[in-house]
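Notes follow the structure.
The values are calculated or read from the model by the stated rules, or taken from the named source; none is laboratory data. Keep in mind that this is a model prediction, so the values were computed, not measured. All Cβ positions, glycine included, derive from the backbone under ideal geometry; neighbour counts span all protein chains shown. The area values use the complete protein model at the heavy-atom level, side chains included, leaving out ligands, DNA and RNA. Shrake-Rupley method; radii C 1.70, N 1.55, O 1.52, S 1.80 Å.
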Amino acid sequence: MKDKKRFVIFAHSGTYDKLYQIVTLAITAASMGRETYIFLFFWALKRFVNEEFDPARLAAECGAEGEKLLKRMQAIHPISLKELLRDVRAMGNLKVYACTGAVKLMELEESQVRTKVDDILGLTTLLEIADGAETQLFI
């Protein structure tokens, strides 16, 4: 794990703009050959598990500016975040992990969470994975 450049995102927020940033940064880093990890907590975890990646959330979460951005996005027909994640995870160097405590706090069914992530891990293990990573982001 220490030989390859690692890119770690501690994902906490669940607003669409932040989810978009989490996914696009992660897939870019993974596509560049970095060992990439998304650690899911709280609302980001809930949105990932429920696959709530609909850009229409921009209007509700960001008001008029969100509505303008949504219209620009629809005009360029972007690939959905769900599809991007699926395709890049298939490459093998993007892993998505849920925090054990966050699964419990968000009252999510562990069996459902396991179908959306690579594993459910405790903070100690997550921090060990992140230790020495070239890039660590908290979003």
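Scanning the range 80-99 for residues that are crowded, with 18+ Cβ neighbours inside 10 Å and over 13 Å from the mean Cα position of the chain (by Cα) returns a single hit, ASN93. If the condition is being assigned to a helix (DSSP H, G or I), open to solvent by less than 10 Å² (accessible area, probe 1.4 Å) and either within 18 Å of THR100 (Cβ to Cβ) or among the polar types (S, T, N, Q) (or both), then the range 1-47 contributes ALA44, LEU45.
Applying the set (1) among the charged types (D, E, K, R); (2) at pLDDT 85 or above; (3) out of contact with any Leu (no Cβ under 8 Å at 6 or more places or on another chain) to LYS46 leaves exactly one unmet item: (3). Taking ARG57 and the conditions (1) open to solvent by less than 30 Å² (accessible area, probe 1.4 Å); (2) farther than 21 Å from GLU134 by Cα, which numbered condition does it fall short on, given that it satisfies the others? For ARG57, the exception is condition (1).
Here LEU45 passes the criteria (1) of a type outside the set (Gly, Ala, Ser); (2) in contact with an Asp or Glu (Cβ under 8 Å, 6 or more places away or on another chain); (3) within 17 Å of SER13 (Cα to Cα) except the one numbered (2).
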